[in-house]
Amino acid sequence: MKIQGAHPLHRLESVNGSRNDARVKQPASQKSDAVRLSGEAQWLQDLKEAIDSIPQVRVDEVARARQDIANGELGSPSDLVSTVNALLHEI
């Protein structure tokens with residue numbers, strides 16, 4: 001048995017008559033790269049963006065503490081002990 005011609009899939013044409021291998025020869029302007037994240041990855045990305053939007057220094061709390069110090073309402077020995085204990089608890 002003798003087989004002649006090219007593979008039959010090479011001769012397939014689309015409905016509009018263009019060759020099947022046109023997708024390989026697309027100009028760079030028509031190609032697009034896309035990334036689709038899973039639900040978990042999207043959630044983590046959203047969480048990271050939310051965390052990044054939180055300021056590192058809570059300016060309102062610093063201003064309140066400065067005001068309390070100026071008024072003599074903060075800075076007592078018991079405040080110092082409470083602060084050290086809170087810091088040690090976080091470690």
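Can you pull out the residues in segment 21-54 that are among the polar types (S, T, N, Q), modelled with pLDDT of 80 or more and assigned to a loop (DSSP other than H, G, I, E, B)? Write out each step before concluding.
Of segment 21-54, the ones among the polar types (S, T, N, Q) are 26, 29-30, 32, 38, 42, 45, 53.
Cutting the leftovers down to modelled with pLDDT of 80 or more gives us 38, 42, 45, 53.
Result: Ser38, single match.
Among the residues of segment 55-91, which ones are at pLDDT below 85 and among the hydrophobic types (A, V, I, L, M, F, W, C)?
Across segment 55-91, the qualifying residues are Leu74, Ile91.
The values are calculated or read from the model by the stated rules, or taken from the named source; none is laboratory data. Given the structure is predicted, the values throughout are model-derived calculations rather than measurements.
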